[in-house]
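Peer 1: Before I ask anything, here is the structure I am working with.
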Amino acid sequence: MMLDEKDLQAFAEIVDSRVAKTENLVLDELGRTQEYLDRRVEAIQKNLEDLQQYYRIVKLENDTTALVLQMIEALQKDVEKLKQKTA
């Protein structure tokens, strides 16, 4: 069975149509995947910013605690000196 030019052209049109549909499906899926990944990256960036802010707050609290402890130690030394003077 031999295919003539008309049959070959019809077959080529069918293949081209299917390739175009497949290409569109792949591009649509890529678009959806890109949107999903963009949302995930934004969420991760927000979480990272929150963690960085939390870290800064904790560091400030630790620095403040260290200063308060130094002040308490200095006051304790002053109290000991006063006790020795009054004894």
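A short reminder: the numbers here are calculations on the coordinates, not readings from a lab. Computed from a predicted structure; not experimentally measured. All Cβ positions, glycine included, derive from the backbone under ideal geometry; neighbour counts span all protein chains shown.
Peer 1: Quick check on the chain: helices-only [θ] at 222 nm, where DSSP H runs of length 4 and up contribute -39,500 (n - 2.57) each and the sum goes over total residues. Nearest 500, please.
Peer 2: The helix contribution divided over the chain gives -36000 deg cm²/dmol.
Peer 1: Can you give the extra length, in nm with one decimal, that the chain gains between V15 and L82 once fully stretched, where that is 0.36 nm per residue apart less the Cα-Cα distance?
Peer 2: Extending this stretch completely gives an extra 14.2 nm.
Peer 1: Report, ordered by chain and residue number, the lysines lying within cross-link reach of K81, taken as a straight Cα distance under 17 Å and ignoring same-chain residues fewer than 8 apart.
Peer 2: none
Peer 1: I would also like to ask the following. Could you give the nm distance between label points at L27 and V41, where each point is 7 Å from its Cα heading toward the beta carbon?
Peer 2: 2.1
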